[in-house]
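A.B. asks: Quick one: this structure, given as structure tokens, is what I'll be asking you about.
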Amino acid sequence: MLIKLGILLVGFTYAGVLPYTVKRSIQHINFDLKKYTLSFLSNKNLYGKNYVRGYKQLLFATAILNYLFFWLLSLFYDLGENERFMRQIDYSFAILALLAFVPHNLYPFRWENLKTNLQRVIHNLLAVIVFLSLPTLIILFQTAILPELWFLGVSGLVIISGTVLITGISIIKNGVNGITEMLFINGISIWSIFVTIMTFIR
């Protein structure tokens, strides 16, 4: 029962903290989701130190919540011996945490800007890996429980597959922008809420 309560608390916090905080933050600034990615919020030259600090804290908190949520799920569904799934939990935490501490910048690619250019490349690479690692983690969880919990396994796979599909279509139509990122974040949140509720009522 304590694990269930932990999943309930962490699951709803995990599902709500990122989309709610981002939506509230961009209401106070001139931020065009069609033009910019959310990474621009970590650009000190554009939005100042306060937004950089807030972006860093938010992403790091998300990394911790992500780790706790999936760790609790591994306890409840007895997935501790699934090495690939457990390893992916660690990978996802590490990538999100690293992304939090590598801010975005717009310095032109020049030799004299080598440090900031390398930082920009690493930031973009980490962002791409996050887009790949979170759905991978969810799919590993869904396939691990599928043999014994058919409904939850299939339903969860449908939700995350729909999220990946919608995100992919948005990338093709609009490129990678804030709208695409919010679609991805909201899809992950919907999946998290669904799994949290289904786990609690078991």
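A.B. asks: Looking at the range 73-103, which of the residues that are of a type in the set (Val, Ile, Thr) and in a helix (DSSP H, G or I) is farthest from ILE7 (Cα to Cα)?
C.D. replies: So in the range 73-103, the residues of a type in the set (Val, Ile, Thr) come out as 89, 95, 102.
With in a helix (DSSP H, G or I) added as a condition, the list becomes 89, 95.
Numbers: ILE89: 15, ILE95: 22 Å.
Of everything passing the filter in the range 73-103, ILE95 is farthest from ILE7 (Cα to Cα).
A.B. asks: Among the residues of the range 36-65, write down those that are hydrophobic (A, V, I, L, M, F, W, C) and open to solvent by less than 50 Å² (accessible area, probe 1.4 Å).
C.D. replies: Step one: filter the range 36-65 for residues hydrophobic (A, V, I, L, M, F, W, C), giving 38, 40-41, 46, 52, 58-61, 63-65.
Passing the criteria: LEU38, PHE40, LEU41, VAL52, LEU58, LEU59, ALA61, ALA63, LEU65.
A.B. asks: Applying the selection to the range 127-156, what residues are closer than 11 Å to PHE85 by Cα and open to solvent by 40 Å² or more (accessible area, probe 1.4 Å)?
C.D. replies: Once the filter is applied, which keeps residues that are closer than 11 Å to PHE85 by Cα and open to solvent by 40 Å² or more (accessible area, probe 1.4 Å), the range 127-156 yields THR136, ILE139, THR143.
A.B. asks: ASN124 - would you say it is open to solvent by less than 20 Å² (accessible area, probe 1.4 Å) and modelled with pLDDT under 90?
C.D. replies: no
A.B. asks: I'd like to check something: does the range 106-121 contain any residue that is under 17 Å from the mean Cα position of the chain (by Cα), assigned to a helix (DSSP H, G or I) and of a type in the set (D, E, K, R)?
C.D. replies: Looking through the range 106-121, none of the residues is under 17 Å from the mean Cα position of the chain (by Cα), assigned to a helix (DSSP H, G or I) and of a type in the set (D, E, K, R).
A.B. asks: Could you count how many residues in the range 99-144 are among the hydrophobic types (A, V, I, L, M, F, W, C) and under 30 Å from ASP78 (Cβ atoms)?
C.D. replies: 11
A.B. asks: Out of GLY162, GLY153, GLY187, which single residue is without any contact (Cβ under 8 Å) to a residue 60 or more places away in the chain, under 20 Å from SER39 (Cα atoms) and in a helix (DSSP H, G or I)?
C.D. replies: Details: GLY162 fails: under 20 Å from SER39 (Cα atoms); GLY153 fails: under 20 Å from SER39 (Cα atoms).
It is GLY187.
A.B. asks: Of the residues that make up the range 13-30, is at least one in contact with an Asp or Glu (Cβ under 9 Å, 6 or more places away or on another chain), assigned to a loop (DSSP other than H, G, I, E, B), on the phi < 0 side of the Ramachandran plot and surrounded by 16 or more Cβ atoms within 10 Å (Cβ to Cβ)?
C.D. replies: Among the residues of the range 13-30, not one is in contact with an Asp or Glu (Cβ under 9 Å, 6 or more places away or on another chain), assigned to a loop (DSSP other than H, G, I, E, B), on the phi < 0 side of the Ramachandran plot and surrounded by 16 or more Cβ atoms within 10 Å (Cβ to Cβ), which makes the answer no.
The values are calculated or read from the model by the stated rules, or taken from the named source; none is laboratory data. On a predicted model such as this, the values are computed, not experimentally measured, just so you know. We place every Cβ from the backbone using ideal geometry, glycine too, and count neighbours over all the protein chains shown. Only protein heavy atoms, including side chains, enter the accessible area calculation; ligands, DNA and RNA are left aside. Shrake-Rupley method; radii C 1.70, N 1.55, O 1.52, S 1.80 Å.
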